[in-house]
Amino acid sequence: MDALPIDPLLPGIVDAVRRTGRLVLEAPPGAGKTTRVPSALLDAGVAGGRDVVVLQPRRLAARMAARRVADERGERLGDAVGFQVRFDRVGGDRTRLWFVTEGVLARRLLADPTLDGVGAVVLDEFHERHLAADVALAQLRRLQGHARPDLALVVMSATLDAEPVARYLDDAPRVRSEGRAFAVEVEHLERRDDRPLETQVAAAVGRLCDGGLAGDVLVFLPGAAEIRRCTDALRGLAAHHGLLVLPLHGDLPPDEQDRAVRRADRRKVVLSTNVAETSVTIDGVVAVVDAGLARIASFAPWSGLPTLRTEPVARAALAQRAGRAGRTRPGRCLRLLTRADHDARPAFERPEVARLDLAETVLELRAAGDDPAAFPWFERPPEAALAAADALLARLGATGPDGAVTDTGRRMLRFPLHPRLARLLVEAEARGVAEEGAVVAALLAERDVRRGARTGGRARVAASRDVDAGHSDLLARLDAFDEAAALRFQPGPCADRGLDAGAARAVDRVRAQLEGLLRRAPRDAGPDGRRASRPGPSTVADLEAALAACALVAFPDRVGKRRRPDGPELLLAGGGTATLAEESVVRDAAFVVAVDAEERPRGDPLVRTAVAVSPEELVDAFPARVREEVVARFVADGERVEAVRRTVYEGLALEEARVPASAAPEAAAVLAAEARRAGVRRFAEDGALDALLARAAFAAVHAPGVGLETLDEAAAGRALEALCAGRASFAELRDADLVGALLGALPPAARAALEALAPERVRLHGGCSPRVA
């Protein structure tokens, strides 16, 4: 077993953990902390005969670290050393050193809050500041201070300043390993290169080969798609120079991952995601080509569902990547970015707790009896994010008015999914479509299996089911997956049908896990007491209706109403607008559940996955959120008030019917407001109102105190408003005699003075009565 820089520090690390129960370790990539420290803790008996659990940020890293430790110990993987990740578990009753992903530890804490079978927990790569790692740190610190003072806790990091973590852990001891590194010559682009990324990578690898490459090349790329394109672009160069081009990412089968890491009989070019940044060490690398990009964990603002976005990495990540070229000898790093670009980037990534949706975390905390507002966070999340998470959980029925987790919420916790998708799956189980629901949840959790689904063209709908193409994008996506499965996820045949085989395989892995959880769950009753074992749908229409109901309860705040019968614009529940994407198969439905939408810098969100729903389904699903109201509105063309009885779901009118204006209490106020806007003179004969006001002003001067001074413009407005009672149109107001109403409202003395001092007409000899001008 080769010596590593961390080895001389192991006795001190073990001693510090045994004395204090906690430690913070700083060690750069390649120092050996991931493989040597957990094994040393196990062998020294620090865990007291219980398990040592090592928290890893990625599935690939957990599996590879476990395999490497088993190899170093001369054991078979699954004996003393094992791993457990989202889709795989190797280990048994004899396993005492477990490498697990963050979600696995979170689920174990939920099922066993005191971690009875665990003696030590190691949080590896804590500098990545994943949300689950932050929560685990807080939970373990509290557990150690109360129910489990014997629990050992070690936090390991490659770049993070250890002082805040040590302080949070009550001034835990700190150990630093300097690692082993040689000088790395870093080169930046002189100017921005706008060529395709694969072209830039091929050119960079060619430069290294022409410069006398004496070892392996590690290329950092953001994702599997870029890795595939670069593999194609490097074929000619690899053949010319005798290079072995190998991919490395989490979606690969284990044997292909191992092949990328193992030494080979010729020079390798390893095309890797950021998994090789710190978590996985590849021996023999002497040069790095860095695109400076990564898929960064984020969430869709529309739904809150987790997503990965391609973004520039921070300077700390760039430095770690470059260091991979200097582990055994001086190396080179070619960065596909300019020096100015490098200098403009932040020093570190923002921690996930400050930028991710918190709904799943808040549900888990509440299920464990924690109040997220009072939880001892290592770094407190934004208050608005906590409030939004609580609001969504209440809306999904996962929590009650007091914040306590409901039966529905506990059923949701069985599934390692965002609460929206867990709620969808719980509803699918209750409606007898659990199998289809598992596929739909997996499709929404992963990327679309249809290659053309986001390119602006109309998506092709698979023909394996008689789909009503105007009702459900979910059914269309389900059919596309079924077709990929029928083709055994073979890349060539899938590509010929417009399907992404890699995406379909990822969906299938999630589907299989969810179906396994469904099979193990008790099937007594579903949410709201419904039987979860009732038979499934017998027709496609029944399936479509069931999936629509599932989407509705999972996305109740994303209901939209088409603004025009034939238009793509949607009015949204609660306010706002969106646009239905051209590729959506939902073409005619008046109401939809907008399941997935793309936020755009300019313009409304673009809804790419929608499901048709009916007003009746909305009323059935959310009777407490549907209300009847009668509203009055002014119709300018007819200059009249109309009353409409509406059935409303969160601001969206589901149904409308005309009723008499008298049925709307606010009808008079609406008419009065429009009449005042039109002006009081519109409701009297030409000049009649002005003549009356002039007569009153003249008479008031000569008969003060009788009340004529109150007959003014304001009085006319009040009289007009009074006339609106029981009337519905301007025509009725004009017939109501505004001037007569004003006169009739005067006190008798005022009216007598007005007639005596300023009569409207004067009687002359001969019997004529001309109007006084």
**Message:** So in the stretch 47-57, with the set limited to residues that are on the phi < 0 side of the Ramachandran plot, in contact with a strand residue (DSSP E or B) (Cβ under 7 Å, 6 or more places away or on another chain) and in a loop (DSSP other than H, G, I, E, B), which one is surrounded by the fewest Cβ atoms within 10 Å (Cβ to Cβ)?
**Reply:** Arg50
**Prompt:** Of the conditions (1) assigned to a strand (DSSP E or B); (2) more than 30 Å from the chain's Cα centre (by Cα), Gly212 fails just one. Which one is it?
**Reply:** (1)
**Fill in**
In the stretch 280-325, residues that are in contact (Cβ under 8 Å) with a residue 24 or more places away in the chain and farther than 18 Å from Glu446 by Cβ total 30
**Request:** Return yes when Ala581 is out of contact with any Lys or Arg (no Cβ under 7 Å at 6 or more places or on another chain) and buried (at least 16 other Cβ atoms within 10 Å of the Cβ) and no when it is not.
**Result:** no
**Asked** Does any residue in the stretch 355-372 that is of a type in the set (Ser, Thr, Tyr) come within less than 7 Å, Cβ to Cβ, of a residue that is open to solvent by less than 50 Å² (accessible area, probe 1.4 Å) six or more places away or on a different chain, and which pairs are these?
**Response** Thr361/Leu131; Thr361/Val135
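Okay, residues lined up against (1) open to solvent by less than 10 Å² (accessible area, probe 1.4 Å); (2) modelled with pLDDT of 95 or more; (3) in contact with a His (Cβ under 6 Å, 6 or more places away or on another chain):
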residue	(1), (2), (3)
Pro381	yes, yes, no
Ala387	no, yes, no
Ala394	no, yes, no
Gly400	no, yes, no
Pro416	no, no, no
Pro419	yes, yes, no
Asp448	no, no, no
Arg451	no, no, no
**Asked** Is it the case that Leu42 is at pLDDT 95 or above and either over 32 Å from the mean Cα position of the chain (by Cα) or buried (at least 16 other Cβ atoms within 10 Å of the Cβ) (or both)?
**Response** yes
**Request:** Collect the residues in the stretch 453-485 that are at pLDDT below 60 and closer than 22 Å to Phe299 by Cβ, keeping them in residue-number order.
**Result:** Ala453, Arg454
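Rundown of residues vs (1) surrounded by fewer than 16 Cβ atoms within 10 Å (Cβ to Cβ); (2) within 25 Å of the chain's Cα centre (by Cα), yes/no style:
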position: Val288; (1), (2): no, no
position: Gly292; (1), (2): no, yes
position: Ala316; (1), (2): no, no
position: Gly326; (1), (2): no, no
position: Arg329; (1), (2): yes, no
position: Cys333; (1), (2): no, no
position: Pro346; (1), (2): yes, yes
**Request:** Residue by residue through the stretch 607-625, note down the ones that are open to solvent by 30 Å² or more (accessible area, probe 1.4 Å), without any contact (Cβ under 8 Å) to a residue 60 or more places away in the chain and not charged (D, E, K, R).
**Result:** Ser614, Val619, Pro623, Ala624
**Item:** Residues of the stretch 242-272 satisfying the condition of being within 17 Å of Ala287 (Cβ to Cβ) and polar (S, T, N, Q)
**Value:** Ser272
**Qualifying residues in the stretch 61-100 (those that are more than 20 Å from Gly250 (Cβ to Cβ), of a type in the set (D, E, K, R) and not in a helix (DSSP H, G or I)) - the one least open to solvent (accessible area, probe 1.4 Å)** = Asp79
**Request:** With respect to Leu356, determine if the residue is crowded, with 20+ Cβ neighbours inside 10 Å, in contact with a strand residue (DSSP E or B) (Cβ under 7 Å, 6 or more places away or on another chain) and under 18 Å from Ala133 (Cβ atoms).
**Result:** yes
**Message:** Let me spell it out: the conditions are (1) farther than 19 Å from Ala554 by Cα; (2) at pLDDT below 90, and Glu598 meets all of them except one. Which number is the exception?
**Reply:** (1)
**Request:** Search the stretch 1-34 for residues being open to solvent by less than 20 Å² (accessible area, probe 1.4 Å) and of a type outside the set (A, V, I, L, M), and hand back the single one that is nearest to Phe83 (Cα to Cα).
**Result:** Thr34
**Request:** Please find, among Gln144, Gln200, Gln139, the residue that is part of a helix (DSSP H, G or I), open to solvent by 10 Å² or more (accessible area, probe 1.4 Å) and within 30 Å of His241 (Cβ to Cβ).
**Result:** Gln200
**Item:** Index of the failed condition, Glu685 passing every other in (1) under 14 Å from Leu746 (Cα atoms); (2) loosely packed, with under 15 Cβ neighbours inside 10 Å
**Value:** (1)
**Fill in**
Just one listed residue, out of Val585, Val607, Val631, Val613, is within 30 Å of Ala672 (Cα to Cα) and of a type in the set (Val, Ile, Thr), and it is Val631
**Request:** Give just the number: which of (1) over 24 Å from Ala319 (Cβ atoms); (2) within 34 Å of the chain's Cα centre (by Cα); (3) at pLDDT 90 or above; (4) not hydrophobic (A, V, I, L, M, F, W, C) does Gly242 not satisfy?
**Result:** (2)
**Request:** Identify, by number, the condition in (1) in contact with a Leu (Cβ under 6 Å, 6 or more places away or on another chain); (2) exposed (fewer than 14 other Cβ atoms within 10 Å of the Cβ) that Lys561 doesn't meet.
**Result:** (2)
**Request:** Determine, yes or no, whether Ala675 is in a helix (DSSP H, G or I), in contact with a Cys (Cβ under 6 Å, 6 or more places away or on another chain) and among the small types (Gly, Ala, Ser).
**Result:** no
**Message:** Within the stretch 215-279, considering only helices (runs of 4 or more DSSP H) that don't extend past its boundaries, which have at least 2 residues that are open to solvent by less than 30 Å² (accessible area, probe 1.4 Å) and in contact (Cβ under 8 Å) with a residue 40 or more places away in the chain?
**Reply:** 224-233, 254-261
**Prompt:** Is at least one residue of the stretch 101-116 assigned to a helix (DSSP H, G or I), β-branched (Val, Ile, Thr), without any contact (Cβ under 8 Å) to a residue 60 or more places away in the chain and within 23 Å of Leu140 (Cβ to Cβ)?
**Reply:** yes
**Message:** Among the residues that make up the stretch 646-657, is at least one of them more than 23 Å from Asp473 (Cα to Cα), surrounded by fewer than 17 Cβ atoms within 10 Å (Cβ to Cβ), of a type in the set (Asp, Glu) and in contact (Cβ under 8 Å) with a residue 60 or more places away in the chain?
**Reply:** yes
**Positions within the stretch 535-579 being of a type in the set (Val, Ile, Thr) and part of a helix (DSSP H, G or I), in sequence order** = Val540, Val553
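The values are calculated or read from the model by the stated rules, or taken from the named source; none is laboratory data. All figures in this text were calculated on a predicted structure; none of them were measured in a lab. Here the Cβ is made from the backbone with ideal geometry for all residues, glycine too, and neighbour counts use every protein chain on show. Calculation scope for accessible area: heavy atoms of the full protein, side chains included, ligands and nucleic acids excluded. Shrake-Rupley method; radii C 1.70, N 1.55, O 1.52, S 1.80 Å.
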